[in-house]
1. Return the sequence-ordered ³J(HN,Hα) values of the stretch B:229-237 in whole Hz as given by the Karplus equation 6.51 cos²θ - 1.76 cosθ + 1.60 applied to θ = phi - 60°, using x for Gly and Pro.
2. With a/c under 1.5 counting as rounded, go ahead and sort the stretch B:178-292 into rounded, prolate or oblate using the C-alpha gyration tensor (a ≥ b ≥ c being the square roots of the eigenvalues; past the cut-off, prolate if a/b is larger than b/c, else oblate).
3. Give me, ordered by chain and number, the residues 5 or more places off B:Ile50 or on other chains with an amide H under 5 Å from its own placed amide H.
4. Quick one: compute a quarter of the convex hull surface over the Cα atoms of the stretch B:72-179 and quote it in nm².
5. Taking a ≥ b ≥ c as the square roots of the Cα gyration tensor eigenvalues, with a/c under 1.5 meaning rounded and otherwise prolate when a/b beats b/c, else oblate, which class fits the stretch B:143-193?
6. With a cut-off of at most 12 other beta carbons within 10 Å, and DSSP calling the residue loop, which trypsin sites (Lys or Arg not before Pro) in the stretch B:219-292 qualify? Please list them.
7. Taking Cα centroids, how far is the stretch B:233-268 from the stretch A:87-141 in Å?
8. To the nearest 20 debye, what charge dipole does the stretch B:160-280 have about its Cα centre, counting +1 at the Cβ of each Lys and Arg and -1 at the Cβ of each Asp and Glu?
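Every read-out reported here was derived from the displayed coordinates using simple, explicitly stated rules and does not represent laboratory data. Computed from a predicted model, the values in this text were never measured in an experiment. Positions of Cβ are generated from backbone atoms using ideal geometry, with glycine treated the same way; all protein chains shown enter the neighbour counts.
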Amino acid sequence: MGLFERILAIFKKKDVTVETSRTDASKPTTPGASPTGAMPAERAPVVEGQKSAIPPDEKVPTTAQSDRKEVKPVSDKITAGHVHMSGCTGCEVAIADNYAGLLTLLDKYVDWVYDLTLADVRHIPEMDVALVEGSVCINDHLSVEEIRETREKSKIVVALGACACSGNITRFARGGQQNQPQHESFVAIGDLIDVDVFIPGCAPTPQMIRNVCVAAYLLLKGNDDQKALAGAYLKPLMAVAKCDPAPTGCNHACGCDLIVGVINQGLCMACGACAASCPVRAITMQYGKPNIDRELCIKCGACFNQCPRSWYSFDVTNMYEGIMETIDAAMAP
Amino acid sequence: MVQDNFLGNYTSCVAARSTNRGILAGSQDGGIATGTLAFALEEGIIDGAIVSVMDPSEPWKPMPIVATSPEELYMARGTKYSLSPNLSLIKEATRSYGLDRVGIVGVPCQMQGLRKGQLYPVGLRDVPDKIALAVGIFCMENFPYQSIIQLVEDHGNTKLENVVKLDIGKGKFWIYTERGAVVQLPLKITHKYEQPGCHVCLDYVANLADISTGSVGTPDGWSTVFVRSKKGNDVWAKAMAAGAFETKPIEEVKPGLDLVTKLATEKITKNRKSLEERAKFGVGKGLRNPYI
């Protein structure tokens, strides 16, 4: 049973049914599942092992599923999964906070092949994109094995959220907590493996995750123009994953990055984006410049990465209108 | 759609001024920023707007607020030549104020921050889809608050409390006092007080705004207006139909678009050079270039 059917079942609150055709736009099964209704006919899923044609709008109960293991969408999706290291699951909740948009993503672009909380898969499979949430507890050999395995089995590793990108609040851990008192040392995943894309923030925003997912899809499956656009969009997020936007002194992950990387470099122009992006209100603007309460800072990196003078791409922002329309169109159910 | 290397993309450019006398009374030039936002607020195109008003604690110190009534918008009329971090309220406007359609005024770099924030909302949850109207203001450079004190009180020998209007135009920095005295400073004096971050800015006329406006290019009391995006065109067409502004073709006014192009070219050329100088600032070492 695929994830999509699980979610449908959750919305319906009744026995899971597998629709043999999703082309019947006039009969969306539930409001939440209406994306299926608009699916183009050529993308109608094929049921493996299916012998005879079933009328388009007939529903087949899963109890008759023994000879049909999985509904396999024909559309050219990428495979992705969520790898859970030491994090609070807030990043995964942020994925889900795309609401109906998540269904569109799963319906059209992404096969969700691994996820401890949602997909019934025990071991990390091969996948195109691994979204890793949380930092790695080096006192836990399983975590270390899993992050190594994630790198080996994924084409693209995305550090989803501040713990994976920079350690975030797990940098403050000192051990001594139930039920694993010896767990005291946490490192960003980039300390152990090469990371391709950063999505910073605590939690990362649903819209940022959505944008990166659409861009990743276009990069892997789009035409040449779409690949160029998606590549330009992802370039800064790949650069921060390589610590590329020059010396900031502090791994892109606390308010001091603003001071060292932006103000000390003579780049701040008092827009206030840092203060708006701080999830813990640690930044106030004093005479136009950020004043950072470092006792409050959780080292999420949102302020530095939100700053238009930390990194800025004219290629991308000059096309903001077109990109946002592309994303809206891509996310249309 | 006109595509210009220095003036950005725009669908139309006109000279305009508000037809609302109340707005014109306290506005810097043609009252375009206040007029457009007030119109959008009355029409329900926006639920409120982030604008810059005077901070009551100190004279001529700007402070961003979320204005949700025409009265609050009117408080923001006129240019304040100091730093107002308007983007700092962009998430607040959608959260604490609960606005679904946010308007915002800003200088070019703030428009850049806004669009970066919409495309890469690292910490701006639910903000990207709620920006309904962004009005950009032409900007050559800005001044920290201490610079304004230094210029007005030291160089201009005028008490800041007594100033009723500050302006930059015709190559001078103008200080108007409540008793009618006018002080002018040559811009040669003001340059060293500019905010350093302005010297890497590659935008003069707010290329990323929906509608951008400024005094340069049009006679006193009028403003130059670039209408740029779909949202900008939509609002501007409605405002024109409602008679919110009177306009003249930009070709028929003096000094016209040529001056705007000249100043934009000067600013951007100068700042490109300063970016090159930053790259070899030290010995075998340079300063960061934020543009990738």
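1. Result, rounded to whole Hz: 9, 4, 4, x, 4, 4, 5, 5, 4.
2. It is oblate, given that a/c is not under 1.5 and a/b is not larger than b/c.
3. B:Ala67, B:Gly103, B:Ile104, B:Val105
4. 8.3
5. It comes out oblate by the Cα gyration axes.
6. Qualifying residues, ordered by number: B:Lys280, B:Lys285.
7. The two parts, judged by their Cα centres, are 50 Å apart.
8. Here the size comes out at about 420 debye.
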